[in-house]
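The values are calculated or read from the model by the stated rules, or taken from the named source; none is laboratory data. Here the structure is a predicted model, which is why all the values come from computation and not from measurement. Please note: Cβ atoms are built from the backbone with ideal geometry, for glycine as well, and neighbour counts cover all protein chains shown. Ligands, DNA and RNA are excluded from the accessible area calculation, which covers all protein heavy atoms including side chains. Shrake-Rupley method; radii C 1.70, N 1.55, O 1.52, S 1.80 Å.
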Amino acid sequence: MLTITIKQSPFRYAIWLFLCMLSRTVLWSLIVVIYYNERTGENYNFNAADYYVRDNFENLMWCDLFTSFHVILACSMLCFSSTKCAKRYMIFFHIQIIMAISMTVYSYFPLITGVEAGAVNFHQKQFFTAHLRYTLYYPALLINYLVCTYFFRKAVVPYPPAKISFHTTKKYLSSNLAAGHHLGNNIFELAALYGLSKRLKRIPLFFIETDYHLRMKGYVENVMPGLMAQFLVVNGSSWKYFHDMRVTLRDFLAFPDFGKFENLPKSDENTHVTCVHTRRSDFIEKGFYSSDPIFIRNAVTYLNEKSANDKTKSRKFVIFGDDQQFMKSIFSDNLQKSQTDYFVSENQPSDDLIYSKYNCDRVLISASRSTFGFWMGYLSKGNAVYHMDITHENKEFYRSHSFNSNDFFPLSWITLDFASADNKTVVER
């Protein structure tokens, strides 16, 4: 939830690097074939230079295969696990850099020091000239590592809300910016918005809505920091901008088509409904913490125990999300399935929000970065919301960046987490 994502994610860079490694390995193989085909004619005798070149070919090929293996492993971790594994991903990058530099120095050492100078002939000089061009790939690898690190850090830390006083006579002006365009268009838009704001005596606002807006902000700040400084930067993902408007926002929801909810329980004086929101698909690709079935099951146990003394109502659980197969498998265990009266929504997201307004007495948000999960809780009937700790994966990292979860979750909402890394019991934080 509330995180500005970057299109150039570490996962996509890993894929790109893997393809580069694979193509480079194929390239070396072709060079080896061509090199030896030229030297396997009749009565040709291999000399010291040929053996030296052959050894370097083999070393470089093993280096590429080894680093390719690391990139594949890093890709797999980011595909099937969480952001926590991105730490190991960065470690693999360090290993690649060290190996690349070591192999490059090893390859050129005889030429640099003059060792085996007698073994260097015309053909070998040609080979090393070509090798120098191909080895430029390694600095590119280092550059991509630095870029990945920069983007990864940006993607982890949510942008803080703007400091705005609501008791003011100041007026503001904003625009729907085409942030996906390039620098020239970006400057045009901001200059125009700034000019209009000056003439209308208003303060220009820069809304961060997508990763493109964050990229646009960085582009302009690099070349015209003075222009960007005129704008009040607003992260739209904070409840503090509308802290006293919950009732009004709920009234803005469309009138429900109750026929769509016939297969789901209705909250009334005899039935208490807990809505469990899940998020999987794109979160897995981005490396965000996605819904964990262990957390959901244990959180449901926690909520049942919390309301164990209230015997006046029957307890129903409704699961919402973007992965039907995952939602249906959460309570696949026969024992817990028999103890949990649960339903799975197959409605559209818009209908799920409307259902929440009329029926969700309590909401559990299992993927705390999900903005849709936030709105399901904020617009819910009971306004009793529990959510997974947004800092669950890396508490020290968030703490070092002065992250304040109260900027993103109302103070009345309750934070849940595992008791410890080894104890999966869900407790309040």
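Brief remarks on what is shown
- Residues being in a loop (DSSP other than H, G, I, E, B) and touching a strand residue (DSSP E or B) at 6+ places or on another chain (Cβ under 9 Å) - total across segment 314-334: 3
- Looking across segment 370-388, the residues that are within 24 Å of the chain's Cα centre (by Cα) and either outside the structural domain of Ile284 (by the TED database) or open to solvent by 20 Å² or more (accessible area, probe 1.4 Å) (or both) come down to Thr371, Phe372, Trp375.
- Condition met for Asn185 (more than 30 Å from Ser314 (Cβ to Cβ), free of Cβ contacts under 8 Å to residues at least 12 places away in the same chain, surrounded by 14 or more Cβ atoms within 10 Å (Cβ to Cβ) and not β-branched (Val, Ile, Thr)): yes
- From the list Ala162, Ala179, Ala191, the lone residue that is touching a His at 6+ places or on another chain (Cβ under 6 Å), modelled with pLDDT of 55 or more, aliphatic (A, V, I, L, M) and surrounded by 11 or more Cβ atoms within 10 Å (Cβ to Cβ) is Ala179.
- Cβ separations smaller than 6 Å between residues 6+ apart or across chains give the following pairs from segment 311-337 residues that are open to solvent by 80 Å² or more (accessible area, probe 1.4 Å) to residues that are modelled with pLDDT of 90 or more: Lys328/Val344.
- Positions within segment 218-244 being of a type outside the set (Gly, Ala, Ser), assigned to a loop (DSSP other than H, G, I, E, B) and open to solvent by 30 Å² or more (accessible area, probe 1.4 Å), in sequence order: Met224, Gln230, His243, Asp244
- For segment 272-297, a residue qualifies if it is part of a strand (DSSP E or B) and open to solvent by 20 Å² or more (accessible area, probe 1.4 Å), and exactly one does: His272.
- Set side by side, the residues Ala229, Ala191 differ, and just one is outside the structural domain of Tyr358 (by the TED database), more than 27 Å from Phe409 (Cα to Cα) and in contact (Cβ under 8 Å) with a residue 12 or more places away in the chain, which is Ala191.
- Among the residues making up segment 245-257, those that are without any contact (Cβ under 8 Å) to a residue 12 or more places away in the chain and either closer than 14 Å to Asn186 by Cα or open to solvent by 80 Å² or more (accessible area, probe 1.4 Å) (or both) are Met245, Val247, Asp251, Phe252, Phe255.
- Residue match in segment 285-304 (condition: over 27 Å from the mean Cα position of the chain (by Cα) and over 30 Å from His243 (Cα atoms)): yes
- Selection count where residues are of a type in the set (Gly, Ala, Ser) and open to solvent by 20 Å² or more (accessible area, probe 1.4 Å), scope segment 258-271: 1
- Search result, residues across segment 198-208 that are out of contact with any Phe, Trp or Tyr (no Cβ under 8 Å at 6 or more places or on another chain) and open to solvent by less than 90 Å² (accessible area, probe 1.4 Å): Phe207
- Meets criteria (farther than 30 Å from Ser412 by Cβ, under 22 Å from the mean Cα position of the chain (by Cα) and either modelled with pLDDT under 90 or surrounded by fewer than 17 Cβ atoms within 10 Å (Cβ to Cβ) (or both)) for Asp211: yes
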